[in-house]
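Q: First, the structure itself, so that you have it in front of you.
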Amino acid sequence: MKNVFFYIIVMLFAVGCNKNKTVKSVTMLSDYVKPNIGSTHSRWFFYTPGAVPFGMSKLGPSTNGTYGNEQGWEAVGYEDGHQSIEGFACFHEFQVGGLLIQPTVGVVQTIPGTLEDPSKGYRSQFDKKDEYATSGFYSVLLKDYNVKAELTATKRVGFQKYTFPKTEEANIIFDVGNQLGESGKVIDAFVKIVDDKSIEGYVITKPEYVKKYQPEAEVRMFFYAEVDKAAKGSGVFYRSKDVLPTKELKGKGVCAVLNYSTGNQEEITVKIGQSYTSIENAKLNLAAEAGSMGFAEAKSKAIDTWNTYLGRIVAEGGDEKDKVKFYTGLYHALLGRGLVNDVNGAYPMNNGDVGSINLDKDGIPVHSYYNTDAIWGGFWNLTQLWSIAYPEYYSDWVQSQLLVYNETGWLGDGIANSKYVSGVGTNFTSLAIASAYNCGIRDFDIEKGYEAALKNEVEWRDRIEGAGKMDVGAFVQNGYVSYIGDIGFNTIPEGSPFSASHTLEYSFSSYAVAQFANSLGKDADYMRLMKMSDSWKNLYDPETNLIRPRGKDGKFIEDFDPRAPWVGFQEGNAIQYTFYVPHQPKQLISLIGEDEFNNRLDSIFIRSQENIFGGGKTVNAFSGLQALYNHGNQPNLHISWLFNFSGKPWLSQKWVRAICDEFYGTDGVHGYGYGQDEDQGQLGAWYVMSAMGLFDVKGLTDPNPQFQVGSPLFDKVTIQLNKDYYLGKTFVIEAHNNSKENKYLKAIELNNQTISKPFIGFSNVVNGGKLILEMNNTPNKAIQ
């Protein structure tokens, strides 16, 4: 609690001293978190305010959670513009979703109804004025029933509290066996009313990408729920069928209902222990984390936890709207990629068995295991943020990946309960492991981590599809991936429809693992990988000064349209991807020519600003694929920082500020939603790093990584450092004379030493100290 009070005092002081700004009353950092930002057309895992950082229990309202999701990634779950709620789901993860609970009044309905006609089921309408959401808590009034619903959680236990009117027909419906969100089709489910205050069950699904990569694999979700009031009646039913007066039911579509008589404003709380391994462990998780805890205590602890995590980065001064964007972005970065293992270390293995993480002397798992969406592009946001402020999570993330590798022999890019679920088709996990090592995060099995990373870069024989990079054989043997035409998302050892982008990506990750090899004294591997890291040059076309796909015959493809998406480039085009040489930016600049490079990149931003850098007319992330720049998708997220390598860092200061101010907003459409491809916190983390004025184009892949210094949005940022990993206690960034107009660096001082280049070492940050930036309304062109 000491840390929470410290951050409250800091924020009160900051608000009180900010006399020249329009301020509002803020007592906690969580007050800045507005989950509804960007929630229009958002994805399943995006809107789960009833959760703690990186938790398993992720509770949120579903406005279209059971609608069809044939591809496995469409916008489902909660949308800011919708006006009815079908219930409150408990499992929200990439390719994982299950267990929806809904309080109702009146005759029990056995279908949820639809957005178009909510009266045809147990769905209820609501007004936005009756809704409140922040990090760790959600509440809403369900108008059709006059029931107030409130949500919060511990790591593995969800809390739902309902305030009923006076009625003889109060109900709590447990929708167990139906598809929710990104979960894919249900293949089996079970529900049992244990007694008049307890209910348990499970649901087994087969997500779309699991079906593709591992036909035999399943994702299992278990729960054990306790209600603090005895039911007067109960029943079970299949969705759309009659309620049966029995205690258990098995199969697709199973549901249960508990019935009550309630007095006016009577509160009933449901505590839901969750697990991916068994009902018994769900019950154990509930007992260990919730015990006799009531809703108020759980809510208080959840909000305290959020303020502690948010408080690792304290932003002071600047615009209040920017603080809302900053802490909402940080919230999303800390919300995604949630916990998998139980309190006793049990976790689901790839083969369907239950494994066990080792326990320490106190009976606590020595590390946690987390689900994860693909890390595609995450090195330009998430891993950088994790490395400086949350290294213990980064360490656990690496060890999670190695659990899967130890079992299967291959790293997975995206994993859901140890199953391969990434739909990207590439795999940057090896790069992220290497970067963790560079940052001094080394409390994992280093030799095993290196073995896995090297294999991910160089091996194609017997490679399983779920590991991605199925065309890496062509890259290793020929120095580039051949373009083989349109065969959808499929790749083969000889080539790929995304041949050019894969060549660029594999060059980058080869460089990262090369540095890992060099650090460990693996000289032969280092030389081999460094040669592979130059392979991007094999696709550089001097005639157009662009990256251009080659066919199997070695010739550049004909009828080349640089703005055409998908022709050799995944989710992008040649203009966008030509900048994808983050590990060797100066070599790319030299090939293109510094003047042409700067003129081209600057003009791209001038043009792209007309469409809010890809956030204007786009309906979803794929809509910007023909654009010159699309901030809403991963391949472009580093290029606004490239001017630091081309002699004009002031243009990075200008354009990064513009993206922060214009692409990111504070309403339901703008911000960090699916309309801009927010893959579990990536765009939020990009904003956080950029708003602090720190970013690494190379994704921390250098052996001694450096941050490029930009134009911070705040007068002061204090980063709390983890003493278990780093020498420093805090790193402070002060921006003097800072304003919307004064966005350019006039002078840089690091620990009382003036520096002339906009670069500082990662070690300078984590060893602690102070960076002072003098700001001005005109560039200082001597800083470069």
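Q: Could you list, in sequence order, all residues of region 206-235 that are among the hydroxyl-bearing types (Ser, Thr, Tyr) and over 25 Å from Val157 (Cβ atoms)?
A: Tyr209, Tyr213
Q: Is one or more of the residues making up region 719-732 within 27 Å of Asp396 (Cβ to Cβ), modelled with pLDDT under 95 and either of a type in the set (Phe, Trp, Tyr) or in the same structural domain as Thr328 (by TED's automatic domain parsing) (or both)?
A: no
Q: Still on this structure, please answer the following. Report, by residue number, each residue of region 502-559 that is hydroxyl-bearing (Ser, Thr, Tyr), over 16 Å from Asn478 (Cβ atoms) and touching a helix residue (DSSP H, G or I) at 6+ places or on another chain (Cβ under 6 Å).
A: Ser509, Tyr511, Tyr526
Q: Given the options Trp376, Trp410, Trp397, Trp380, name the one that is in contact (Cβ under 8 Å) with a residue 40 or more places away in the chain, among the aromatic types (Phe, Trp, Tyr) and more than 27 Å from Pro53 (Cα to Cα).
A: Just a single option satisfies the conditions, and that option is Trp410.
Q: Just checking, does region 126-138 include any residue being crowded, with 18+ Cβ neighbours inside 10 Å, out of contact with any Cys (no Cβ under 7 Å at 6 or more places or on another chain) and basic (Lys, Arg)?
A: Within region 126-138 (the criterion being crowded, with 18+ Cβ neighbours inside 10 Å, out of contact with any Cys (no Cβ under 7 Å at 6 or more places or on another chain) and basic (Lys, Arg)), the answer is no, since none of the residues qualifies.
Q: Separate question: Taking only pairs six or more apart or across chains, which ones have beta-carbon atoms under 9 Å, a first residue in region 491-506 that is free of Cβ contacts under 8 Å to residues at least 24 places away in the same chain, and a second residue that is of a type in the set (Asp, Glu)?
A: Note: pairs meeting the criteria are Ile492/Asp471.
Q: Output yes when any residue across region 522-541 is hydrophobic (A, V, I, L, M, F, W, C), over 31 Å from the mean Cα position of the chain (by Cα) and exposed (fewer than 15 other Cβ atoms within 10 Å of the Cβ), and no when none is.
A: yes
Q: Can you tell me which of Asn599, Asn611 is assigned to a helix (DSSP H, G or I) and exposed (fewer than 15 other Cβ atoms within 10 Å of the Cβ)?
A: Testing whether each residue is assigned to a helix (DSSP H, G or I) and exposed (fewer than 15 other Cβ atoms within 10 Å of the Cβ) leaves just Asn599.
Q: Can you name the residue in region 157-204 that is among the polar types (S, T, N, Q) and not in a strand (DSSP E or B) and, of all such residues, is farthest from Leu249 (Cα to Cα)?
A: Looking at residues that are among the polar types (S, T, N, Q) and not in a strand (DSSP E or B), I get Ser183.
Q: Out of region 719-745, which residues are part of a strand (DSSP E or B) and either crowded, with 17+ Cβ neighbours inside 10 Å or of a type in the set (Phe, Trp, Tyr) (or both)?
A: Answer for region 719-745, where residues must be part of a strand (DSSP E or B) and either crowded, with 17+ Cβ neighbours inside 10 Å or of a type in the set (Phe, Trp, Tyr) (or both): Ile719, Gln720, Phe731, Ile733, Glu734, Ala735, Tyr744, Leu745.
Q: Kindly indicate the residue of region 169-188 that is surrounded by fewer than 24 Cβ atoms within 10 Å (Cβ to Cβ) and farther than 16 Å from Ile111 by Cβ and also modelled with the lowest pLDDT among those meeting that condition.
A: Per the criteria, the residue is Lys185.
Q: I'd like the full set of residues that are in contact with a helix residue (DSSP H, G or I) (Cβ under 7 Å, 6 or more places away or on another chain), assigned to a loop (DSSP other than H, G, I, E, B) and surrounded by 24 or more Cβ atoms within 10 Å (Cβ to Cβ), limited to region 309-336.
A: Scanning region 309-336 gives no hits.
The values are calculated or read from the model by the stated rules, or taken from the named source; none is laboratory data. Here the structure is a predicted model, which means the values were calculated and not measured. Methodologically, a virtual Cβ is constructed for each residue, glycine included, from the backbone with ideal geometry; neighbour enumeration extends over all protein chains shown.
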